[in-house]
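The values are calculated or read from the model by the stated rules, or taken from the named source; none is laboratory data. This is a predicted model, so every value here is computed, not measured. Cβ atoms come from the backbone with ideal geometry, glycine included; neighbour counts cover every protein chain shown. Side chains included, ligands, DNA and RNA excluded: accessible areas come from the protein's heavy atoms. Shrake-Rupley method; radii C 1.70, N 1.55, O 1.52, S 1.80 Å.
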Amino acid sequence: MEQPHQPGGSDPGEGLRLSESEVRAQAFYDRWIGEGDWFSQLGRAVFGLSGTVYAGSFIRAAALRPEDRVMEVGSGLGRILTTSQRRVRAEQLYVGIDLSYQMVERARRGLDPLQPPPHFLVASALQMPFRPRCFDVVLLSHVVKYLTDPQLRQVLAQVRELLRPGGRIVLWEFRPYAWGRINRAILRGSRSHKLRSAAELVDFLQEQGYRNLQPFRVHTPWPPFRNLAYRAQAG
Ligand SMILES: C[S@@+](CC[C@H](N)C(=O)[O-])C[C@H]1O[C@@H](n2cnc3c(N)ncnc32)[C@H](O)[C@@H]1O
């Protein structure tokens with residue numbers, strides 16, 4: 001497998017300068033996923049299982065080919081990438097970045113001793129350590145709710161720079177409910193910032209120059225169930 005990118009430095013996690021909302025998300029996931037108690041074990045099981053389910057949606061939505069260079073922003077335990085890389089018999093090494101040291105540490109252990117795991121880095125979505133135009137597909141799975149409006153614009157603009165001609169962005173996030181109380185519980189429970197409507201997400205994508213936007217379905221097997229999902233092309 002080829003190394004699809006040039007990270008800037010050994011592990012960009014060193015010396016990361018994070019925003020307040022990122023520090024909150026990083027502390028939340030490091031504590032939740034890193035402990036040995038039942039709640040952490042449950043968290044790891046949830047991300048493991050949902051990642052396997054999401055991989056199928058991702059492969060279909062991105063129309064993944066073996067030769068595609070793939071990166072996930074906020075890759076968590078890495079299950080989506082690991083499963084997709086194996087299922088499509090990828091010819092390229094996939095890359096995942098995440099704020100959480102615990103997530104990245106566990107993702108790096110990999111699942112299959114016979115297959116090299118994707119390359120996982122501690123890095124921020126706001127300072128992605130890659131050269132322009134080095135990926136064919138970029139995925140954001142349940143990360144958008146962590147970003148403020150200016151941060152979401154910045155991330156979408158950076159992703160567009162990282163995509164090669166004909167490259168695709170695939171993203172999904174929880175769809176807000178009509179009851180503010182449920183939405184607030186989701187945000188509190190995940191220490192995240194904001195759920196957006198379909199119209200808002202479409203606006204953000206179009207404003208950053210993405211075209212050919214197509215909605216699709218992604219099934220989350222537990223509450224809050226409802227997702228908004230889009231694939232689009234860069235430029
Ligand atoms: C809900 S988890 C989703 C993990 C994985 N994408 C999945 O769907 O299984 C959100 C992940 O995004 C990461 N994250 C949140 N904000 C981020 C940021 N600004 N940069 C990088 N990762 C971020 C968190 O650390 C966490 O691992």
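In this structure, does S192 turn out to be within 14 Å of the ligand (Cβ to nearest atom), part of a loop (DSSP other than H, G, I, E, B) and hydroxyl-bearing (S, T, Y)? It is true that S192 is within 14 Å of the ligand (Cβ to nearest atom), part of a loop (DSSP other than H, G, I, E, B) and hydroxyl-bearing (S, T, Y). Could you check, for the stretch 85-95, whether at least one of its residues is within 12 Å of the ligand (Cβ to nearest atom) and closer than 24 Å to Q26 by Cβ? No; the residues of the stretch 85-95 include none that is within 12 Å of the ligand (Cβ to nearest atom) and closer than 24 Å to Q26 by Cβ. Applying a threshold of 8 Å to beta carbon distances and a minimum spacing of six or more residues, or different chains, the list of pairs starting in the stretch 137-159 at a residue that is touching a residue at least 24 places away in the same chain (Cβ under 8 Å) and under 21 Å from V88 (Cβ atoms) and ending at one that is assigned to a helix (DSSP H, G or I) and of a type in the set (G, A, S) reads V137/A62; L139/A62. Of all residues in the stretch 187-207, those satisfying the criterion of being under 25 Å from I59 (Cβ atoms) and open to solvent by 30 Å² or more (accessible area, probe 1.4 Å) are A198, V202.
For the stretch 149-186, residues that are farther than 29 Å from R65 by Cα and more than 10 Å from the ligand (Cβ to nearest atom) total 13. Scanning the stretch 163-184 for residues that are open to solvent by 60 Å² or more (accessible area, probe 1.4 Å) and either part of a strand (DSSP E or B) or touching a residue at least 40 places away in the same chain (Cβ under 8 Å) (or both) returns R164, P165, R175, I182. Quick check, is R24 charged (D, E, K, R), open to solvent by 60 Å² or more (accessible area, probe 1.4 Å) and assigned to a loop (DSSP other than H, G, I, E, B)? Against the criterion (charged (D, E, K, R), open to solvent by 60 Å² or more (accessible area, probe 1.4 Å) and assigned to a loop (DSSP other than H, G, I, E, B)), R24 does not qualify. Where helices (runs of 4 or more DSSP H) fall entirely within the stretch 33-129, those with at least 2 residues that are open to solvent by less than 10 Å² (accessible area, probe 1.4 Å), among the aliphatic types (A, V, I, L, M) and farther than 29 Å from G166 by Cβ are at 101-109.
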